[in-house]
Amino acid sequence: MEANTGKNGVIEQNTMLKVEILWRLRMLSKGNFLSESADIHGISKATAGRVFNDFLNAVIRNIGNVRLPSTRDEVLRTKVGFFKKCRIPNIIGAVDGTLVPILAPKDNGVAFICRKGYHAINVMAVCDHEMRFTDIVARWPGSQHDAAVFDVSTLKDHLETNQTGILLGDGGYPLRPITQSYHSTRGCLQQSPNQGTYSD
């Protein structure tokens, strides 16, 4: 993208950086074709491709901060944080799925139609007590149930093998030694029926 110049010919880099970041985020959120997005914003397709690729590479370089607590201190801090919030012991993360709309794929498009009737990807995400993402899986068709996505995840294998703690999830996740279901009632977290009640 070409930068605008001010009265004295000074490049307004800060403004251009903001425009570039917004353009890149819009590309990701809208699922626009690169050529259409380039036309809308008045840049060449080659420049759009380079800029978008640079942006994705920067995101990938910094994605290392999305990770489960691994050290003894991190695990303990997370468990204490969850206990302070919801009074449920041994929780190391909260898990849920969300449907991200996509354009209909040419191949196997029916598999991507979610329960709400549109094409989507089912994204499973886990966050800690401070609402930081610690695990994200974004590759399953929208027709997949949350529990099915979890069942084939490396996260499930990791938790079963290492037994570091329990994930807190909604009714879409079956009760297991590594998952605990809850339902929300007027701001309180409650365990599944017949298992007692916890409030935050």
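The values are calculated or read from the model by the stated rules, or taken from the named source; none is laboratory data. Please read all numbers here as calculations on a predicted model, not as lab measurements. Counting neighbours? That spans all protein chains shown, and the Cβs are built from the backbone with ideal geometry, glycine included.
For the stretch 94-108, a tally of residues being in a strand (DSSP E or B) and touching a strand residue (DSSP E or B) at 6+ places or on another chain (Cβ under 6 Å) returns 7. For the stretch 57-84, a residue qualifies if it is of a type outside the set (A, V, I, L, M), touching a residue at least 12 places away in the same chain (Cβ under 8 Å), surrounded by 11 or more Cβ atoms within 10 Å (Cβ to Cβ) and part of a helix (DSSP H, G or I), and the qualifying residues are 78, 79, 81, 82. Taking the criterion of being assigned to a strand (DSSP E or B) and in contact with a helix residue (DSSP H, G or I) (Cβ under 8 Å, 6 or more places away or on another chain), the residues of the stretch 131-145 that qualify are 135, 137, 140, 141.
Which of the residues spanning the stretch 123-144 are more than 12 Å from the chain's Cα centre (by Cα) and either buried (at least 18 other Cβ atoms within 10 Å of the Cβ) or closer than 13 Å to residue 98 by Cβ (or both)? Across the stretch 123-144, the qualifying residues are 128, 129, 140, 141, 142, 144.
When we screen 120, 148, 111 for residues that are assigned to a helix (DSSP H, G or I), over 20 Å from residue 68 (Cβ atoms), at pLDDT 90 or above and within 19 Å of the chain's Cα centre (by Cα), the only hit is 148.
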